[in-house]
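A.B. asks: Could you have a look at this structure, given as structure tokens, before my questions?
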Amino acid sequence: MLTLDDIRVSLAGHTVLRGVSFTLPQGATTVLVGRNGAGKTTTLRTIMGLVPLGGGRLTLDGTDLAAQPDHARAGLGIGYAPEDRRMIPAFSVEDNLLLPAVALKMPAGISAERLAMVYELMPELTELKNRPGGSLSGGQGKMVALGRALMVATRAILLDEPFQGLAPALALNYARTLAKVRDARGDLALLVTESSPQLLAGVADRALKIERGEVSETTLDALGH
Ligand SMILES: Nc1ncnc2c1ncn2[C@@H]1O[C@H](COP(=O)(O)OP(=O)(O)O)[C@@H](O)[C@H]1O
Ligand SMILES: [Mg+2]
């Protein structure tokens, strides 16, 4: 289990996270909802070790994550899809999916197994696999970003505003895919950030609200869904 306990982060002299505490249960999707500037991206970046921890404890199955350098965290099984889906335009979709496996020096047998799992959960990626990354639509790019997070994830997946900019039909499709991932991968804890609760029906098993760097437990109903 991934646990944040009284996490504090300051950036450029401003306090951004003020004692954030929550645990992500395996086999469930937790949504973190808050308006722009509330601290959603910073929360995910803190878990990935991309911003300095100002205080508190961050643990994965009881192991202190703060002691692990940022590049080691994907290797511990945490997949992360940032807001800006960084794909290599000239690489095929399949090679883009394989990038994290290459970066982690994953044994060929394991990366082949995981790629097969990604194609099984997201058949639409099978059809796109030979297309250059640069030729995809925004919605397709989000799917590749999810697939890439799945390539490394054995414990958790962090998705930063994956619904943003998706047309309603694509958002619905993405939500269905997320539900499928959650159901097929009981070993994973999913954390999805979003600024509007509207899109999260059918996705969230549990909702957290973030306001000015403070996180509290809530429900989608309470958020005005
Ligand atoms: N690198 C940075 N330096 C200074 N302030 C930052 C930096 N990144 C984010 N912030 C500030 O931290 C707050 C939270 O930002 P962020 O985590 O990106 O929010 P969200 O993802 O919820 O929109 C904002 O006030 C933002 O201006
Ligand atoms: Mg953000």
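A.B. asks: Could you look through the range 170-183, keep only residues that are of a type in the set (A, V, I, L, M, F, W, C) and within 11 Å of Ala28 (Cα to Cα), and pick out the one that is nearest to ligand 1 (Cβ to nearest atom)?
C.D. replies: Going through the qualifying residues, I end up with Leu178.
A.B. asks: Kindly evaluate Gly147 against the criterion of being part of a loop (DSSP other than H, G, I, E, B) and modelled with pLDDT of 95 or more.
C.D. replies: Answer is no for this residue.
A.B. asks: Oh, and also: Being within 12 Å of ligand 1 (Cβ to nearest atom) and either out of contact with any helix residue (DSSP H, G or I) (no Cβ under 6 Å at 6 or more places or on another chain) or polar (S, T, N, Q) (or both) is the requirement here; does Gly13 meet it?
C.D. replies: yes
A.B. asks: Which of (1) touching a strand residue (DSSP E or B) at 6+ places or on another chain (Cβ under 6 Å); (2) more than 16 Å from ligand 1 (Cβ to nearest atom) is the odd one out, the single condition Leu104 does not satisfy?
C.D. replies: Failing condition for Leu104: (1).
A.B. asks: Now for a separate question. What helices (runs of 4 or more DSSP H) lie completely within the range 76-143 and have 1 or more residues being in contact with a helix residue (DSSP H, G or I) (Cβ under 9 Å, 6 or more places away or on another chain) and under 19 Å from Arg155 (Cα atoms)?
C.D. replies: Helices (runs of 4 or more DSSP H) meeting the threshold: 93-103, 108-121.
A.B. asks: Under the condition of being assigned to a helix (DSSP H, G or I) and either among the small types (Gly, Ala, Ser) or within 20 Å of Leu125 (Cβ to Cβ) (or both), which residue from the range 156-174 is farthest from the chain's Cα centre (by Cα)?
C.D. replies: Ala169
A.B. asks: Let me ask something else about it. Just checking, how many residues over the range 178-205 are at pLDDT below 95 and out of contact with any strand residue (DSSP E or B) (no Cβ under 9 Å at 6 or more places or on another chain)?
C.D. replies: Residues flagged as at pLDDT below 95 and out of contact with any strand residue (DSSP E or B) (no Cβ under 9 Å at 6 or more places or on another chain) within the range 178-205 amount to 4.
A.B. asks: Right, here's the next one. Give all pairs with beta carbons closer than 8 Å in which a residue from the range 189-205 that is more than 17 Å from Gly165 (Cβ to Cβ) and in a strand (DSSP E or B) meets a residue that is within 16 Å of ligand 1 (Cβ to nearest atom) and polar (S, T, N, Q); count only pairs at least 6 apart in sequence or on separate chains.
C.D. replies: Here the result reads Ala189/Thr30; Leu190/Thr30; Leu191/Thr30, each pair linking the range 189-205 to a residue that is within 16 Å of ligand 1 (Cβ to nearest atom) and polar (S, T, N, Q).
A.B. asks: For Thr177, only one of the following conditions fails: (1) within 18 Å of the chain's Cα centre (by Cα); (2) closer than 29 Å to Leu53 by Cβ. What is its number?
C.D. replies: Going through the list (1) within 18 Å of the chain's Cα centre (by Cα); (2) closer than 29 Å to Leu53 by Cβ, Thr177 breaks only (2).
A.B. asks: Can I ask one more? I'm checking my understanding of the structure. Among residues of the range 206-225 that are assigned to a loop (DSSP other than H, G, I, E, B) and modelled with pLDDT of 95 or more, which one is nearest to Arg18 (Cα to Cα)?
C.D. replies: Among those residues, the one meeting the criterion is Gly213.
A.B. asks: Also, quick follow-up: Can you find a residue that is among the polar types (S, T, N, Q) and either surrounded by fewer than 17 Cβ atoms within 10 Å (Cβ to Cβ) or within 18 Å of Gly165 (Cβ to Cβ) (or both) anywhere in the range 114-131?
C.D. replies: yes
A.B. asks: Filter the range 146-169 for residues that are among the small types (Gly, Ala, Ser) and crowded, with 22+ Cβ neighbours inside 10 Å; which is farthest from ligand 1 (Cβ to nearest atom)?
C.D. replies: Among those residues, the one meeting the criterion is Gly147.
The values are calculated or read from the model by the stated rules, or taken from the named source; none is laboratory data. Because the structure is predicted, anything quoted here is derived from the model rather than measured. All Cβ positions, even for glycine, are placed from backbone atoms using ideal geometry, and neighbour counts span all protein chains on display.
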